[in-house]
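The structure appears below as structure tokens.
The values are calculated or read from the model by the stated rules, or taken from the named source; none is laboratory data. Since this is a predicted model, take the numbers as computed values, not measurements. Here the Cβ positions follow ideal geometry from the backbone for every residue, glycine too, while neighbour counts run over all protein chains shown.
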Amino acid sequence: MSIGKLVKHGLGRLFPGTVLIKGRSSPQPRIALTFDDGPHPDNTKHILDILDKNGASATFFLQGREVEKYPALTREIHARGHQIGNHGYSHLDAKRTHQDLYVEDTHRAQETLQNTVGTAFEKIFRPPFGNITGTTFLALARSGFRFIFWSVDSRDSFIKNPRELVSHMTSLNVADGDILLFHEDYPHTVSSLPEILNYIKTRSLGFSRINDF
């Protein structure tokens, strides 16, 4: 296990209500689909349609600057019953950004999300690149943010061929409570998503949003 993963799992044990890497087991087994980096002007609508066809709910971790570009798409994600989470305003790397700037960027994203949709959201935050520092973690945790990581990485940032992406996902032992990481801005993710959802359903797993975990 990498040092980064060890740190996240350590935080998860120390702050079980603040850090989520995998959900607890359920009498009705389910997983959480999560999508980062949106909204995307072309792919988001297709993802929403695919989710609808499969009766699947998901959580979308959105960038504040993209929300400002595509407010209608942001509102549509919410209107279709999916959860919206915070992925920072400018997609900063906590390891390369001063703490004060990073915290300010995260709060700015939260304000942008809530102003765009017109309602308050639970403060769920996925750090860009999955990176966080101890001081930044404590500052945001004190502000009420809950940190959401993942237990299954689709690797769609690296696997560009849809067939290979499906093959990768179906080779994994996706199980109850897993949090799956995908991205909105890749067309190969959109192309492979129907088969991946079908695979999840063949494992008798349902779909939950993060706030249902």
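Of all residue pairs spaced 6 or more apart or on separate chains, those with beta-carbon atoms under 8 Å, a first member in segment 163-175 that is without any contact (Cβ under 8 Å) to a residue 40 or more places away in the chain and surrounded by fewer than 17 Cβ atoms within 10 Å (Cβ to Cβ) and a second member that is part of a helix (DSSP H, G or I) and of a type in the set (S, T, N, Q) are Arg163/Ser192.
Looking at (1) within 30 Å of His107 (Cβ to Cβ); (2) among the hydroxyl-bearing types (Ser, Thr, Tyr); (3) buried (at least 19 other Cβ atoms within 10 Å of the Cβ), find the lone condition where Ser157 falls short. So the condition that Ser157 fails would be (3).
Give Leu73, Leu62, Leu48 a once-over and let me know the one that is at pLDDT 95 or above and in contact with a Gly (Cβ under 6 Å, 6 or more places away or on another chain).
Leu62
Of all residues in segment 79-89, one or more are under 22 Å from Gln110 (Cα atoms) and part of a helix (DSSP H, G or I). Any residue that is modelled with pLDDT under 85 and more than 20 Å from Leu92 (Cβ to Cβ) - is there at least one of those in segment 17-40? The answer is yes, given that some residue of segment 17-40 is modelled with pLDDT under 85 and more than 20 Å from Leu92 (Cβ to Cβ). Taken as a whole, the condition of being in contact with a helix residue (DSSP H, G or I) (Cβ under 6 Å, 6 or more places away or on another chain) and either on the phi > 0 side of the Ramachandran plot or assigned to a loop (DSSP other than H, G, I, E, B) (or both) does not apply to His40. When the residues of segment 111-140 are filtered to those that are among the polar types (S, T, N, Q), touching a residue at least 40 places away in the same chain (Cβ under 8 Å) and assigned to a helix (DSSP H, G or I), the one that is farthest from Phe35 (Cα to Cα) is Thr136.
Just one residue in the set Tyr89, Tyr70 is within 17 Å of Lys123 (Cα to Cα) and aromatic (Phe, Trp, Tyr); that residue is Tyr89.
Note on segment 34-57: among residues that are under 13 Å from Arg126 (Cβ atoms) and in contact with a His (Cβ under 9 Å, 6 or more places away or on another chain), the one that is surrounded by the most Cβ atoms within 10 Å (Cβ to Cβ) is Phe35.
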